[in-house]
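The block underneath contains the structure these notes are about, expressed in structure tokens.
The values are calculated or read from the model by the stated rules, or taken from the named source; none is laboratory data. Model, not experiment: these values are computed from the prediction. Neighbour counts run over all protein chains shown; Cβ positions are idealised from the backbone, glycine included.
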Amino acid sequence: MQSMKAFEMYSRRGIIGELKKIGVLWFVFLFFQIPLLIFPLPCGAQSKAYRIGPNDVLNLTIYAGGEKQFDEDLTVSGLGTIAAPFIGDIKIQGLTPTELENKIKVPLAKDFFVNPKVDIHIVEHHSLRYYISGAVDKPGLYEVSSQITLIELIAKAGGVLSDRGNLAYIMRNASPKDVKELEEGKVENLLAKTEPIKVDLQKLLDRGDMGSNVLLKSNDMVYIPRMKALDVGLSQIYVEGEVEEAGVYDFRPGMTALTACIMAGGFDTFAAPNRTRIIRKKGDKVEIIKINLNEVRDGEVPDVELQPGDRIHVPETWF
């Protein structure tokens with residue numbers, strides 16, 4: 001009985017107190033990192049997908065004839081090269097460890113050894129760069145020594161602001177020009193050009209769904225819009241025409257044309273769902289997608305997944 005009371009006291013004072021200290025974001029982050037501390041992900045699986053860059057430190061091991069022929073750490077030069085044993089300087093920037101293993105193995109097998117085995121391991125990462133902008137406390141460029149997830153980058157940037165939007169946009173292989181466009185506020189053109197990965201921050205941060213915690217790649221650019229300053233086109237969709245409650249609705253990843261119409265109260269008496277149109281803006285161009293929502297409802301054709309800023313128009317029947 002005493003232990004139960006002690007537990008209740010700890011639950012009320014301890015856990016709640018800690019939540020207030022570290023904030024919900026850090027609580028979610030730490031809670032879901034515990035399994036990784038107990039059952040860590042294999043480092044090799046992550047490093048094999050890594051693209052090698054300047055100043056990275058690699059361990060190169062060569063086996064042949066039943067013996068270890070070479071085992072040393074090599075630093076990638078500023079030009080993206082290494083002095084490979086037996087074969088000389090080679091360009092390796094942009095290769096994965098597996099690709100580099102094959103690149104070294106081929107000339108070794110041709111001129112030096114019979115069936116050589118080459119192993120490459122990343123000892124130190126120095127080419128991992130991530131940029132985050134928008135509704136975070138400390139936006140900017142972050143250079144780290146190992147791959148990180150979206151929630152880890154958000155934590156490094158001091159967490160999200162209270163007025164953040166519900167979506168995060170991840171743009172792969174961002175160039176300095178892309179970063180400049182984002183800083184200049186040319187967000188819509190940038191998102192239309194890059195076709196970003198969209199992450200539901202309500203699922204990730206508010207509900208702790210780690211399935212939404214994307215593993216970032218070097219040169220990823222993350223943009224989290226502020227809700228107040230957010231262009232409607234980046235976070236909402238429009239439903240207009242012959243529906244019960246035409247208007248603007250918050251976009252959620254996975255939304256479709258039919259579900260949007262259901263959110264808008266369903267079709268009016270004189271609606272023609274078979275002639276529904278989705279108007280989608282892509283930069284300076286406009287795409288019109290025709291869809292028969294009667295056939296979608298009956299399971300005859302697939303629904304269309306929406307994108308932020310889509311406008312769904314349900315026309316009036318001709319009869």
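Flag not set for Lys180, criterion: out of contact with any Ser or Thr (no Cβ under 8 Å at 6 or more places or on another chain), charged (D, E, K, R), farther than 26 Å from Val57 by Cβ and at pLDDT 90 or above. Could you say whether any residue in the stretch 179-194 is touching a residue at least 12 places away in the same chain (Cβ under 8 Å), within 12 Å of the chain's Cα centre (by Cα) and more than 20 Å from Gln307 (Cα to Cα)? Within the stretch 179-194, none of the residues are touching a residue at least 12 places away in the same chain (Cβ under 8 Å), within 12 Å of the chain's Cα centre (by Cα) and more than 20 Å from Gln307 (Cα to Cα).
Can you tell me which of Ile122, Ile132, Ile104, Ile82 is closer than 30 Å to Leu161 by Cα, among the β-branched types (Val, Ile, Thr), surrounded by 15 or more Cβ atoms within 10 Å (Cβ to Cβ) and in contact (Cβ under 8 Å) with a residue 24 or more places away in the chain?
Ile132
Just so you know, in the stretch 285-312 the residues that are touching a residue at least 24 places away in the same chain (Cβ under 8 Å) and in a loop (DSSP other than H, G, I, E, B) include one that is farthest from the chain's Cα centre (by Cα), and it is Asp303.
Just one of the listed residues (Pro225, Pro315, Pro253) is surrounded by 18 or more Cβ atoms within 10 Å (Cβ to Cβ) and in contact (Cβ under 8 Å) with a residue 12 or more places away in the chain, and it is Pro225.
Inside the stretch 29-79, can you point out the residues that are modelled with pLDDT under 60, assigned to a loop (DSSP other than H, G, I, E, B) and either among the β-branched types (Val, Ile, Thr) or loosely packed, with under 12 Cβ neighbours inside 10 Å (or both)? Before the answer, list the steps.
Residues of the stretch 29-79 that are modelled with pLDDT under 60, as a first pass: 29-48.
Pick out the ones that are also assigned to a loop (DSSP other than H, G, I, E, B) and you get 39-42, 48.
Result: Phe39, Pro40, Leu41, Pro42.
Among residues of the stretch 264-284 being under 28 Å from Leu190 (Cβ atoms) and either among the acidic types (Asp, Glu) or not in a strand (DSSP E or B) (or both), the one that is modelled with the highest pLDDT is Asp284.
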